[in-house]
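Derivation of every value follows stated rules applied to the coordinates shown; laboratory data play no part. None of these values were measured; they are calculated from a predicted model. Cβ sites come from the backbone with ideal geometry, for glycine too, and all protein chains shown count toward neighbours.
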Amino acid sequence: MKEKVKAYIESIKDELITLSHNIHANPEIAFTEYKSSAFIVDVLKNHGFEVEYPYANVETAFKATKKGKADGPKIAILAEYDALPEIGHACGHNVIATCSTGAFLAVSEIIDNYDGEVSIIGTPAEEAGGGKIHILNNGGFDGFEYALMMHPSSGKKGLVNRGGRAATSVTVEFFGKAVHSSAPAHGINALNAMIKLFNNIDMMRPTFHPQNNVNGIIVNGGSAANAIPDYTKALFSLRAETLIELKKLAECVKKCAANAADFVGAKFEVHVGDMYAERYPNLPMCLAFKDNCEELGMPMDVAKPGGMYGSSDIGNVSIKMPAIHDYIPLCDDGIPSHNRAYTEQTDKPRADEICLLGAKAIAMTVIDILEKPEFREEIYKYFNEQIPEEYKE
Ligand SMILES: [Zn+2]
Ligand SMILES: [Zn+2]
């Protein structure tokens with residue numbers, strides 16, 4: 001069956017690479033991925049699939065499913081396709097979308113040999129907005145038992161089992177009273193409250209767990225130097241080892257803001273964004289993916305747990321079901337993602353090859369799940385031990 005899915009992906013490679021290039025050429029950010037989602041949905045429809053689009057009350061999300069010969073494991077292959085503001089597909093989500101589409105189409109060709117079913121779920125707004133969190137909250141992952149996706153990286157080797165930290169964004173606004181700068185005592189300086197907020201956070205920083213971090217920028221610090229600012233606004237990015245720690249960190253920022261407002265007599269508002277959970281990669285599934293990638297000629301490393309990792313909404317999915325989000329390089333080391341130089345790599349011939357390799361590796365891993373009950377038991381034994389009790393309903 002693995003040979004069949006590999007051959008099938010080769011047979012549709014022009015269509016897949018065109019899909020990757022179309023998404024790359026039309027970068028769209030969080031929840032505005034109308035063209036990108038439509039490109040994928042069109043490919044699925046051309047292959048005869050009925051597509052639920054929009055899906056789970058998310059306009060740019062979609063789902064298509066192919067059932068096997070009887071009930072069995074329910075497997076979701078996740079496609080991301082959002083870009084970054086101004087710098088386009090600097091995270092290579094066009095490659096993710098293509099790998100997942102290719103894998104879904106290939107598994108669909110052979111699934112009538114197995115009990116179970118496979119779906120592709122289009123999950124928008126990974127970079128901002130937490131699309132998967134919305135789909136989860138709206139029941140779009142209900143009933144699914146496994147989730148698989150890949151992510152492009154750079155370097156010579158791929159990487160499985162990498163974790164990710166919990167993350168959120170916090171917006172803080174201060175409202176003061178504007179007066180002429182010649183008589184500051186008559187005003188309320190919203191910028192002073194902002195500076196105090198940054199100092200308060202720095203004051204608390206030594207108490208943060210080493211994995212926890214708060215980084216902020218002031219996006220509105222006043223408009224004229226000869227006026228006392230009556231309005232200031234800052235954005236903060238918060239990361240923590242776990243969702244539980246992250247909630248405490250957000251509370252800490254709120255307290256720092258309340259204290260700063262109180263200190264200068266300003267009013268304040270705090271808005272906490274979606275909470276991206278830390279990631280729990282399923283090691284047995286990761287190792288199967290590694291074997292499949294290596295069979296396809298891509299050497300892979302296994303990550304050590306922990307590390308100053310970034311964050312993704314796959315974390316929220318990984319708490320609900322065994323999930324993988326493993327890395328395959330599409331360019332040389334030294335070209336980091338979220339950089340315009342990476343955008344230039346994500347539609348090059350090497351990236352196109354990774355679209356096919358990633359599709360094959362995901363499809364082969366899905367076959368491992370469909371084929372081997374003992375592998376499914378191993379996945380779930382690991383999952384049940386790995387997920388902290390606090391997260392189990
Ligand atoms: Zn990214
Ligand atoms: Zn990404």
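What residues have an amide H closer than 5 Å to that of GLY158, excluding those fewer than 5 places away on the same chain, when H is modeled at 1.01 Å from N in the peptide plane?
For GLY158, the qualifying residues are MET300, ASP301.
Which angle from 0 to 90°, rounded to the nearest 10, does the C-alpha axis of helix 243-264 make with the longest principal axis of the chain?
Approximately 20 degrees, to the nearest 10.
Sorting PHE62, PHE263, PHE174 on the 10 Å Cβ count, fewest up front, what's the list? Show your work: numbers first, answer last.
Details: PHE62 23, PHE263 13, PHE174 28.
Ordered by Cβ neighbours within 10 Å, fewest first: PHE263, PHE62, PHE174.
Roughly speaking, what is the centre-to-centre gap between the range 38-114 and the range 293-362 when only Cα atoms are used, to the nearest Å?
A separation of 17 Å, based on Cα centres.
Under the Kirkwood approximation for Rh and a Cα-based Rg, what ratio Rg/Rh is obtained for the range 130-226?
Details: Rg = 22.0 Å, Rh = 18.7 Å.
Across the range 130-226, the Cα-based Rg/Rh ratio is 1.17.
Sorted by average packing, counted as other Cβ atoms within 10 angstrom per residue and highest first, what order do 328-334, 17-23 take? Each step should come with its number before you reach the end.
Values: 328-334: 18.0, 17-23: 21.4.
The peptides rank, most packed first, as 17-23, 328-334.
When the Karplus curve 6.51 cos²θ - 1.76 cosθ + 1.60 is applied with θ = phi - 60°, which whole-Hz ³J(HN,Hα) does each residue of the range 287-303 get, with x for Gly and Pro?
Values per residue, Gly and Pro as x: 5, 5, 4, 4, 4, 5, 4, 5, 4, 8, x, 9, x, 10, 9, 10, 6 Hz.
Please compute, for the alpha-carbon atoms of the range 249-315, the extent along each of the three principal axes and give them in descending order in Å.
65, 19, 18
Bin all alpha-carbon pair distances of the range 166-272 at 10 Å intervals from 0 and give each bin's fraction as a whole percent.
With 10 Å bins starting at 0, P(r) equals 17, 46, 26, 10, 2.
Sort 154-160, 121-127, 199-205 by the packing proxy (mean of other Cβ within 10 Å over each peptide's residues), most packed first. Present the calculation step by step, with values, prior to reporting the outcome.
Numbers: 154-160: 18.3, 121-127: 27.9, 199-205: 14.6.
My ranking of the peptides, most packed first, is 121-127, 154-160, 199-205.
Under a Cβ-only charge scheme (Lys and Arg +1, Asp and Glu -1), can you give me the dipole magnitude of the chain about the Cα centre, in debye to the nearest 20? Don't jump to the answer; show the numbers that get you there.
On the way: 38 positive and 53 negative charges, 208 e Å.
The dipole of the chain has a size of about 1000 debye.
May I ask you to evaluate 6.51 cos²θ - 1.76 cosθ + 1.60, the Karplus curve with θ = phi - 60°, for each residue of the range 361-370 and list the ³J(HN,Hα) values in order in whole Hz, giving x for glycine and proline?
For the range 361-370, the Karplus-derived couplings read 5, 5, 4, 5, 5, 4, 4, 4, 5, 5 Hz, x marking Gly and Pro.
Can you give me the long-range amide H partners of GLY72? Hydrogens built in the peptide plane at 1.01 Å from N, cutoff under 5 Å, separation of 5 or more residues or another chain.
Placed amide hydrogens put GLY116, GLU117 under 5 Å from GLY72.
Principal axes first, then extents: for the Cα atoms of the range 266-393, list largest minus smallest coordinate on each axis, whole Å, largest first.
Principal extents (Cα only, largest first): 61, 42, 23 Å.
Calculate one ³J(HN,Hα) per residue across the range 206-216 by plugging θ = phi - 60° into the Karplus curve 6.51 cos²θ - 1.76 cosθ + 1.60, and present them in order as whole Hz with x for glycine and proline.
x, 8, 6, 4, x, 7, 9, 8, 10, 10, x
Using the Kirkwood radius over Cα pairs, work out the Stokes-Einstein diffusion coefficient for the range 1-158 at 37 °C and 0.692 mPa s, in µm²/s as a whole number. Could the numbers behind the result be given before it?
Details: Rh = 15.7 Å.
Reported coefficient: 209 µm²/s.
List the residues, sorted by chain then number, that are 5 or more residues from PHE175 or on another chain and whose placed amide H is less than 5 Å from its amide H.
Here LYS267, PHE268 satisfy the definition.
Treat each spin label as a single point 7 Å out from the Cα along the C-beta direction, and report the ASN199 to SER182 distance in nm.
Result for the modelled spin labels: 2.8 nm.
Cα atoms only, the chain: Rg and Dmax in Å?
Rg, Dmax (Cα atoms, Å): 23.1, 81.
Helix-only mean residue ellipticity at 222 nm, the chain, DSSP H runs n ≥ 4 weighted -39,500 (n - 2.57), per residue, nearest 500. What is it? All intermediate terms of the calculation are to be shown ahead of the outcome.
Working: 12 runs with 159 residues, N = 393.
Calculated mean residue ellipticity at 222 nm is -13000 deg cm²/dmol.
Going highest first, how would you order 242-248, 313-319, 32-38, 47-53 by mean Cβ packing within 10 Å?
Working: 242-248: 18.1, 313-319: 25.4, 32-38: 20.6, 47-53: 14.9.
So the peptides 242-248, 313-319, 32-38, 47-53, ranked by packing, come out 313-319, 32-38, 242-248, 47-53.
Using alpha carbons only, how many degrees (0 to 90, rounded to 10) separate the axis of helix 373-386 from the longest principal axis of the chain?
Its long axis makes an angle of about 10 degrees.
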